[in-house]
Amino acid sequence: MGIEPGRLHFSWVSSAEATKFIEVVNEVTEAVRALGPHDNFVKHMPKVA
Amino acid sequence: MVGYTDKIREISERLLKEGTVDMVIGFRQGSMPMMNEPCFAKRPEDVEKLTWDSNCGINLANYLTDRKEKIGVIAKGCDSRNIVTHIIENKIKRDQLVIIGVPCKGMIDRRKITSMFETEILSVAEEDGKVIVKTGDAEKILEKEEVLQKNCAVCIHRNPVIYDELAADLVEEQKDIDRYADIREIEAMSPEDKWNYFDDLLSACVRCYACRNACPLCYCPTCFVDESQPQWVGKTTDPIDTKTFHFLRAYHCAGRCTDCGACERACPVGINMRTLTKKLEKDCFEYYGWEAGLTLDARPPLDAYKPDDPEDFIK
């Protein structure tokens with residue numbers, strides 16, 4: 001539905017895997033930041049005169 | 001398929017007379033051509049109203065939700081699959097139902113036929129795979145094959161999958177059908193093109209929710225679009241709100257949708273929202289080998305965990 005590959009991530013992280021959690025968060029943040037903002041679903045207020 | 005009517009009436013009358021069921025849910029002639037409407041026959045004399053032709057596209061499983069009576073229900077292939085889904089989801093009990101199976105040869109697309117004529121259509125009749133359409137000043141004979149509803153043209157489950165009585169002999173299923181050509185075309189688009197495609201597809205939507213109301217899967221007491229605390233989605237016809245509604249509704253139908261076409265048929269502006277539900281239907285088939293409503297003995301894929309579920313997308 002118009003969302004780029006690489007914007008959506010899935011991962012299994014156990015509550016005991018703190019290191020993996022940090023890695024995943026960093027990877028996801030970097031990947032999404034590289035793609036830039038996605039404003040398709042941002043609702044713009046109608047312009048009122 | 002026109003000959004089915006007598007048999008349907010005969011079975012319904014017998015069931016009502018014997019008291020096996022409290023009512024029979026079927027179809028009666030609508031007030032306009034090609035607009036048959038649901039009919040609840042509660043007395044043996046009511047069965048005269050029941051009818052069957054190629055305009056019975058409404059999914060009658062929609063009228064079974066949470067019913068307490070004993071019901072006879074007319075079911076074509078897709079209806080029967082939705083009845084199975086209803087039973088699996090505890091919306092009705094199997095022993096409450098007498099399913100009168102109707103082997104289906106497809107429903108006709110009233111929008112397509114209407115668009116072929118400039119004046120109002122006064123009557124539509126059927127004979128031997130032909131559809132005879134009469135307007136005030138003309139009469140035209142169409143091949144039924146060419147005016148089938150889009151979902152019927154690619155249907156591979158025309159026979160009811162579950163039934164107690166049959167209104168006619170089973171029909172031959174369509175083989176070698178490419179069900180998903182249109183979906184593959186959209187899948188191949190770039191994210192931007194996809195967005196524009198859906199933008200265009202849904203731009204005519206007036207948020208009347210006819211698709212949701214016609215859908216047998218949409219039986220939530222309060223739909224997420226009607227909730228106001230919390231308000232999940234805006235209630236306006238803003239394109240973002242409209243897309244959110246359609247995308248989410250489609251997801252709610254994942255692994256449950258039988259592609260009966262009730263949503264598209266009910267839409268007053270002719271939006272093909274089946275594009276969305278069909279993509280999820282395709283995914284369910286390709287990932288889990290699942291087709292909704294074929295058996296009472298298996299749980300739907302989103303309802304059950306299997307160690308070998310595909311998980312390539314999980315990193």
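The values are calculated or read from the model by the stated rules, or taken from the named source; none is laboratory data. No experiment lies behind these values; they were computed from the predicted model shown. Neighbour counts are summed over all protein chains in view; Cβ atoms, including those assigned to glycine, are modelled from backbone coordinates with ideal geometry. The protein model used for the area step is the full one, side chains on, heavy atoms only, and it has no ligands, DNA or RNA in it. Shrake-Rupley method; radii C 1.70, N 1.55, O 1.52, S 1.80 Å.
Kirkwood radius for the range B:275-315, taken over all pairs of different Cα atoms as the inverse mean of 1/r, rounds to 11.3 Å.
For the chain pair B and A, the interface hides roughly 1200 square angstrom of accessible area in total, found with a 1.4 Å probe. Report relative contact order for chain B in percent, whole number only (criteria: Cα-Cα under 8 Å, sequence separation at least 6). Relative contact order for chain B comes out at 17 percent.
With all protein chains in place and ligands, DNA and RNA left out, the 1.4 Å accessible area ranks A:His9, B:His157, B:His86 as A:His9, B:His157, B:His86, largest first.
Among B:Glu118, B:Glu264, B:Glu143, the residue with the largest mean-square fluctuation in a Gaussian network model of chain B, with springs joining Cα atoms closer than 10 Å, is B:Glu118. Here the contact order of the range B:180-310, divided by its residue count and restricted to Cα pairs under 8 Å and six or more residues apart, works out to 26 percent. A simple count of charges around B:Ala167, restricted to other residues whose Cβ falls under 14 Å of its Cβ and scoring Lys, Arg +1 and Asp, Glu -1, yields -2. Note on A:1-12: average number of Cβ atoms from other chains within 10 Å of each residue's Cβ is 4. Counting only protein heavy atoms and using a 1.4 Å probe, what share of the accessible area of chain B belongs to carbon plus sulfur, as a whole percent? Ligands and nucleic acids excluded, carbon and sulfur give 50 percent. What's the FRET efficiency of A:Val13 with B:Cys220 using the Cβ-Cβ distance as r and R₀ = 30 Å, to the nearest 0.05? Taking R0 as 30 Å, the efficiency between A:Val13 and B:Cys220 is 0.40. The convex hull drawn around the Cα atoms of chain A, when projected onto a plane and averaged over every direction, covers 5.3 nm². If you wrap the tightest convex hull around every Cα atom of chain B and split its volume per residue, you get 162 Å³. Electrostatic tally near A:Ser14: other residues with Cβ closer than 14 Å to its Cβ, Lys and Arg +1, Asp and Glu -1, net -1. Rolling a 1.4 Å probe over the heavy atoms of the protein chains gives the range B:180-310 an accessible area of 49 Å² per residue. Projecting the Cα atoms of B:Ser190, B:Gly57, B:Ile11 onto the dipole axis of chain B, where Lys and Arg carry +1 and Asp and Glu carry -1 at the beta carbon, places B:Ile11 farthest toward the positive end.
Note on B:Glu48/B:Asn90: beta-carbon distance plugged into 1/(1 + (r/R0)^6) with R0 of 30 Å gives a FRET efficiency of 0.30. The string of couplings for the range A:12-18 from the Karplus curve (6.51, -1.76, 1.60, θ = phi - 60°) is 9, 10, 6, 5, 8, 9, 4 Hz, one whole number per residue in order, with x for Gly and Pro.
Taking the helices alone, chain A has a mean residue ellipticity at 222 nm of -12500 deg cm²/dmol, built from -39,500 (n - 2.57) per DSSP H run of at least 4 residues and averaged over all its residues. Compute the Cα gyration tensor for the range B:97-173, then decide on rounded, prolate or oblate, letting a ≥ b ≥ c be the square roots of its eigenvalues: rounded whenever a/c is under 1.5, prolate when a/b is larger than b/c in the other cases, and oblate in all that remain. Prolate. The Kirkwood radius of the range B:180-310, taken over pairs of alpha-carbon atoms, gives through the Stokes-Einstein law at 10 °C and 1.306 mPa s a diffusion coefficient of 100 µm² s⁻¹. Taking Lys and Arg as +1 and Asp and Glu as -1, the other residues whose beta-carbon sits under 12 Å from that of B:Tyr209 total +3. Counting only protein heavy atoms and using a 1.4 Å probe, the accessible area of B:Glu187 comes to about 60 Å². Note on the protein assembly as shown: Cα-only Rg and Dmax are 23.1, 78 Å.
For chain B, the Cys residues with no second cysteine's beta carbon closer than 4.7 Å are B:Cys39, B:Cys56, B:Cys104, B:Cys152, B:Cys155, B:Cys205, B:Cys208, B:Cys220, B:Cys223, B:Cys267, B:Cys284.
Across the range B:150-156, computed HN-Hα scalar couplings (Karplus, 6.51 cos²θ - 1.76 cosθ + 1.60, θ = phi - 60°) run 4, 6, 6, 5, 10, 6, 10 Hz from first to last residue, x flagging Gly and Pro.
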